[in-house]
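Remarks on the structure that follows.
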Amino acid sequence: MSTVYSHSRLASFENCPRQFFYRYVEKVPVDTESIEAFLGKRVHEVLERLNRFVERGMVPSLGKVIERFRTLWTEQFQPERVRIVRGEVSQDSYRELGERCLTNHYRRNYPFDEGESLGIEQHVTFPLDADGRYRMRGIVDRIVRARDGAVEIHDYKTGRWVPTQSDLDQDRQLALYQIGVEQSYGATSVRLVWHYLQRDQVRISTRTAEQLVALREATMQLIDRIEAESDFDPRPSTLCSWCEFRDLCPAADAAPRARDLPPRNADLAAAPAAIPPEPAVVAQTTRKPVPHFPRSEPKASGEPQNFPRSEPKASGEITRPGQLRLL
Ligand code: SF4
């Protein structure tokens with residue numbers, strides 16, 4: 001049976017064939033993960049839970065969302081398993097960054113009444129060709145039926161880097177998901193939506209039928225290249241600092257270390273959320289007011305401006321849309 005590919009599998013080969021080899025050919029066991037990956041997983045878990053509550057007609061308060069995140073973080077954080085590449089950034093800074101991601105998302109989307117969820121953390125598997133030789137799979141963060149009838153593919157990002165619109169118009173991951181979603185849902189109008197949570201920005205792109213045909217072709221050619229590969233040469237870059245096989249790889253020492261780079265280095269920006277928190281930038285689209293949760297008071301320098309300042313009180317875990325409840 002042929003291999004089922006994912007976007008991350010393809011990207012791993014493109015970024016560094018040797019990393020692909022360790023991860024997918026040799027299947028070298030790994031018992032650590034970067035703190036950026038840890039943070040991204042916890043944020044996604046909380047957003048999944050939030051979306052499932054909303055699907056049932058209930059909206060947890062922002063305080064409860066943050067409380068849930070803190071609980072998951074504390075329960076699952078194991079210092080010996082979570083690698084902090086940028087040693088000058090504390091674990092607490094990353095946790096606060098996750099809280100800021102969730103706070104930004106909550107305030108932007110409250111009361112979460114835009115569109116109906118068709119799928120949450122939805123697995124999609126689909127062929128790229130008529131014979132089913134080239135098969136893809138992925139997990140879509142949220143699939144939404146928008147008010148205008150279009151189907152939207154939503155993706156949550158916790159990294160700091162926001163690509164240009166032109167980059168997103170070429171992005172492969174969500175466009176591949178579109179192929180699967182069109183097949184599964186019979187959708188004819190599809191939008192790709194990225195939520196850059198840390199920067200509180202949303203980006204949207206669409207694909208034409210011709211672009212999707214070209215994407216299928218390019219992806220199948222890439223799979224052919226991967227399956228014909230035998231050398232799997234290492235490709236050292238600043239991303240080696242986040243590579244789980246760094247201790248194994250003979251080329252790792254040739255790569256510059258993240259800590260030696262200026263913070264705005266372009267390669268570093270491509271690393272997942274590897275940057276300490278900073279005050280949020282102004283949103284590109286209009287935020288909705290959150291009537292039941294007070295905005296934070298500005299604090300002394302260095303603290304993100306948009307965190308909830310008060311802890312949730314015992315009552316008021318759930319509100320229904322349109323129902324106001326003070327924490
Ligand atoms: S350490 Fe760098 S060169 Fe080596 S496998 Fe990882 S990403 Fe590739």
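Worth a mention:
- Residue within region 21-31 that is modelled with pLDDT under 95, more than 12 Å from the ligand (Cβ to nearest atom) and among the charged types (D, E, K, R) present: yes
- Members of region 214-250 that are within 16 Å of the ligand (Cβ to nearest atom), out of contact with any Ser or Thr (no Cβ under 7 Å at 6 or more places or on another chain) and either in a helix (DSSP H, G or I) or at positive phi (or both): Ile226, Phe232, Thr238, Leu239, Cys240, Ser241
- One residue stands out among those in region 251-268 that are near the ligand (Cβ under 9 Å from one of its atoms) and surrounded by 14 or more Cβ atoms within 10 Å (Cβ to Cβ): the one that is modelled with the lowest pLDDT, which is Ala255.
- Positions within region 201-223 being out of contact with any Leu (no Cβ under 8 Å at 6 or more places or on another chain) and touching a residue at least 60 places away in the same chain (Cβ under 8 Å), in sequence order: Gln201, Val202
A quick yes/no check of all residues on (1) of a type outside the set (A, V, I, L, M); (2) touching a Phe, Trp or Tyr at 6+ places or on another chain (Cβ under 7 Å):
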site: Ala209; (1), (2): no, no
site: Arg216; (1), (2): yes, no
site: Ile223; (1), (2): no, yes
site: Glu227; (1), (2): yes, no
site: Arg235; (1), (2): yes, no
site: Cys240; (1), (2): yes, no
site: Leu248; (1), (2): no, yes
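- Filter result for Ser205 (over 19 Å from Ile120 (Cβ atoms) and of a type in the set (S, T, N, Q)): yes
- Residues that are within 17 Å of Ile204 (Cβ to Cβ) and in contact with a Phe, Trp or Tyr (Cβ under 7 Å, 6 or more places away or on another chain) do not occur anywhere in region 122-139.
- Test: Gln198 is under 24 Å from the mean Cα position of the chain (by Cα), free of Cβ contacts under 8 Å to residues at least 24 places away in the same chain and part of a loop (DSSP other than H, G, I, E, B): no
- Residue ID - farthest from Asp171 (Cα to Cα), chosen from residues in region 201-213 that are outside any helix (DSSP H, G or I) and aliphatic (A, V, I, L, M): Val202
The values are calculated or read from the model by the stated rules, or taken from the named source; none is laboratory data. All values reported here derive from a predicted model rather than from experimental measurement. Ideal geometry is used to build each Cβ from the backbone, glycine not excepted, and the neighbour counts take in all protein chains shown.
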